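Worksheet: the structure to be examined is printed underneath.
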Amino acid sequence: MIRAFRRLPSILLLLLAGCSVSAPVRPDQLSFAPLKFEVPRIEAVTLANGIRLYLHEDHELPLVEISVTAGSGGIADPPEQTGLTDLLAALLRTGGAGDFAPEAFDRELERLAADFTVAADTYTTQMALSLRRDDLRAGLEMLHDVLYRPRFDAGRLELARRQAIELVRRQDDDPGALASRELMRALYGEHPLGRSPSVTGLESIRRDDLVARHCRDLAEAPLWIGISGDFDRAEVTRLMTEIFADRTGGQGRKAPVPPLVSAEAPALWLAEKEIPQSTILFGEVAIDKDNPDLPAVRVMNFILGGGGFNSRLMREVRSNRGLAYSVYSYYDIGRRLPGPFVAGCETKNGAAVEVVALMRDIMNDLRENPVTMEELRLAQESLINSFVFAFSDSRQVVNQQMRLDYYDYAPDYLQTYRDKIAAVTVADVQRVARAYLNPDRQQLVLVGNPAEFDAAPETLGLPVEKLERKNP
């Protein structure tokens with residue numbers, strides 16, 4: 001029968017197939033039920049030993065993901081030892097722990113097929129451990145040793161120090177990194193947010209400094225742990241209670257942060273490099289997470305430069321005039337102190353002054369004239385529709401909720417995010433542009449070859465401060 005069917009003429013097969021296929025429908029004729037998205041709920045538990053647990057079971061794969069937030073970050077570094085926290089994080093990962101020397105620790109991770117990283121950010125030290133479900137106990141025991149029994153191997157310390165020093169010595173090779181560092185220094189001055197590591201400071205750090213910092217900021221600090229994946233809640237709480245039974249600290253408050261200092265007067269900070277294109281960065285100290293204007297600022301920045309090809313900066317500087325490949329803006333929302341607004345691009349030296357003036361004009365226009373309803377709707381729809389991508393996997397969901405609680409966000413922050421974005425008006429956009437977008441008060445950093453500029457830097461109306469390469 002099958003052989004006979006295969007011998008049917010091709011036209012007959014087409015006719016038979018056509019009888020079972022409905023007429024095609026154009027895309028604009030399709031209709032779908034409204035999409036509904038609810039923010040996932042994460043279970044939060046505080047153990048008797050003070051550890052704060054965030055749990056989300058997901059049994060799709062036999063894997064467990066563990067995230068740790070503890071201690072303080074780079075903002076707690078002494079001025080003369082900026083970079084101490086980064087070295088501490090490197091040694092927590094590579095310096096051995098408990099009964100494991102550094103090489104043995106690495107071999108044990110390899111045996112478990114586990115991935116383990118440690119990194120410091122501005123305010124905290126972060127750890128991430130990924131391993132098989134069957135190795136959960138072994139992984140938690142290793143994590144305990146890293147947190148409370150680090151070895152800080154002297155050889156690994158020297159290796160990490162040499163690597164950090166080499167990064168400092170090469171820090172001016174990348175024009176973008178040079179511009180970013182100088183912008184933060186201009187915005188925050190001698191505050192920790194404005195400082196960067198030096199060779200002298202890194203050379204001064206000893207093993208005893210790491211031990212003292214660990215005792216103060218990790219062994220005695222609040223400990224927040226997020227666990228997602230293939231686990232059983234009762235088993236995890238039992239293991240955490242058992243393995244961390246010797247933990248006596250961590251009931252205190254989070255490390256304090258130093259208040260901001262007065263910023264430098266606006267200036268053009270010029271770093272001369274014989275390169276074919278210039279890096280341009282504008283910046284000002286802007287906003288923190290507790291500011292009620294935050295939703296309107298997000299919408300405003302999408303229209304300005306955060307919306308890619310839908311933003312005014314990209315459309316005018318790149319698409320209409322062809323003066324840059326990429327141009328952008330963003331607000332780095334401060335979690336405990338106001339973070340910076342940054343706008344930047346790279347362009348050929350011969351257009352640097354023109355692009356600076358053009359970007360200023362675009363920012364001022366946003367301050368002085370209302371945006372269109374089309375711009376507003378596009379920004380709102382894009383921000384609301386992209387919200388779901390913050391919950392693409394279990395680990396991301398757990399970490400998101402843990403961060404929000406750690407930094408004392410409003411309990412309904414996620415639940416009300418989309419409604420607050422949708423409530424922003426044209427008047428709100430202009431109001432926050434006038435409040436948080438101030439081209440006349442912004443610091444400006446230029447890295448390029450002024451001999452090829454289309455006009456003298458002085459024509460931009462700011463005092464010009466030349467950045468000389470210093471002995472790091």
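For segment 384-393, the criterion of being touching a strand residue (DSSP E or B) at 6+ places or on another chain (Cβ under 9 Å), at pLDDT below 95 and among the small types (Gly, Ala, Ser) is met by none of the residues. Assessment of segment 452-471 against the conditions (among the aliphatic types (A, V, I, L, M), in contact (Cβ under 8 Å) with a residue 40 or more places away in the chain, buried (at least 17 other Cβ atoms within 10 Å of the Cβ) and touching a Phe, Trp or Tyr at 6+ places or on another chain (Cβ under 8 Å)) yields at least one matching residue. Which ones in segment 413-472 are β-branched (Val, Ile, Thr) and over 27 Å from the mean Cα position of the chain (by Cα)? Matches in segment 413-472: Thr425, Val426, Thr459, Val464. Looking at segment 129-145, which of the residues that are open to solvent by 20 Å² or more (accessible area, probe 1.4 Å) and among the small types (Gly, Ala, Ser) is farthest from Leu88 (Cα to Cα)? Out of the qualifying residues, it is Ala138. Do you know which residues across segment 115-128 are open to solvent by 40 Å² or more (accessible area, probe 1.4 Å) and within 23 Å of Gly194 (Cα to Cα)? Within segment 115-128, Ala119, Asp121, Thr122, Gln126 meet the criteria.
Restricting the first member to segment 122-142 and to residues that are under 30 Å from Pro340 (Cα atoms), and the second to residues that are surrounded by fewer than 16 Cβ atoms within 10 Å (Cβ to Cβ) and of a type in the set (Val, Ile, Thr), the beta-carbon pairs closer than 6 Å and six or more apart or on different chains are Ala128/Thr117. Of the residues making up segment 217-232, those that are under 30 Å from Ser180 (Cβ atoms) and part of a loop (DSSP other than H, G, I, E, B) number 2. Is it the case that some residue within segment 455-464 is more than 23 Å from Arg367 (Cβ to Cβ), in a strand (DSSP E or B) and at pLDDT 95 or above? Taking every residue of segment 455-464 in turn, at least one turns out to be more than 23 Å from Arg367 (Cβ to Cβ), in a strand (DSSP E or B) and at pLDDT 95 or above. With respect to Arg149, is the statement that it is over 19 Å from Arg52 (Cα atoms), touching a Gly at 6+ places or on another chain (Cβ under 7 Å) and surrounded by fewer than 18 Cβ atoms within 10 Å (Cβ to Cβ) true? Answer is yes for this residue.
The residue of segment 436-451 that is nearest to Gly350 (Cα to Cα), among those that are touching a Phe, Trp or Tyr at 6+ places or on another chain (Cβ under 8 Å) and in a helix (DSSP H, G or I), is Pro439. Give me the residue from segment 325-363 that is aliphatic (A, V, I, L, M), open to solvent by less than 10 Å² (accessible area, probe 1.4 Å) and not in a helix (DSSP H, G or I) and, out of that set, nearest to Ser278 (Cα to Cα). So the residue we want is Val327.
Scanning segment 396-417 for residues that are in a helix (DSSP H, G or I) and open to solvent by 60 Å² or more (accessible area, probe 1.4 Å) turns up Gln396, Arg403, Gln415. Each residue in segment 282-324 was checked for being open to solvent by less than 40 Å² (accessible area, probe 1.4 Å), part of a helix (DSSP H, G or I) and among the basic types (Lys, Arg), and 1 pass. When you look at Arg367, is it in contact (Cβ under 8 Å) with a residue 12 or more places away in the chain and either open to solvent by 30 Å² or more (accessible area, probe 1.4 Å) or in a loop (DSSP other than H, G, I, E, B) (or both), yes or no? The answer is yes for Arg367. Which residues, taken from segment 299-324, are in contact with a Gly (Cβ under 8 Å, 6 or more places away or on another chain) and charged (D, E, K, R)? If the condition is that a residue be in contact with a Gly (Cβ under 8 Å, 6 or more places away or on another chain) and charged (D, E, K, R), then Arg312 is the only one that fits. Considering only segment 232-247, I want to know if a residue exists there that is modelled with pLDDT under 90 and closer than 26 Å to Arg335 by Cβ. Among the residues of segment 232-247, at least one is modelled with pLDDT under 90 and closer than 26 Å to Arg335 by Cβ, which makes the answer yes. Among the acidic types (Asp, Glu) and without any contact (Cβ under 8 Å) to a residue 24 or more places away in the chain - does that describe any residue in segment 263-276? Within segment 263-276 (the criterion being among the acidic types (Asp, Glu) and without any contact (Cβ under 8 Å) to a residue 24 or more places away in the chain), the answer is no, since none of the residues qualifies. Every listed requirement among (1) of a type in the set (Ser, Thr, Tyr); (2) surrounded by fewer than 23 Cβ atoms within 10 Å (Cβ to Cβ); (3) modelled with pLDDT of 95 or more is met by Thr279 save one, (2). The number of residues in segment 162-216 being assigned to a loop (DSSP other than H, G, I, E, B), open to solvent by 80 Å² or more (accessible area, probe 1.4 Å) and within 30 Å of Pro463 (Cβ to Cβ) comes to 4.
The values are calculated or read from the model by the stated rules, or taken from the named source; none is laboratory data. Given the structure is predicted, the values throughout are model-derived calculations rather than measurements. No Cβ is skipped: glycine too gets one built from the backbone with ideal geometry, and neighbour counts run over all protein chains shown. Surface accessibility is based on the protein's heavy atoms, side chains included, excluding ligands, DNA and RNA. Shrake-Rupley method; radii C 1.70, N 1.55, O 1.52, S 1.80 Å.
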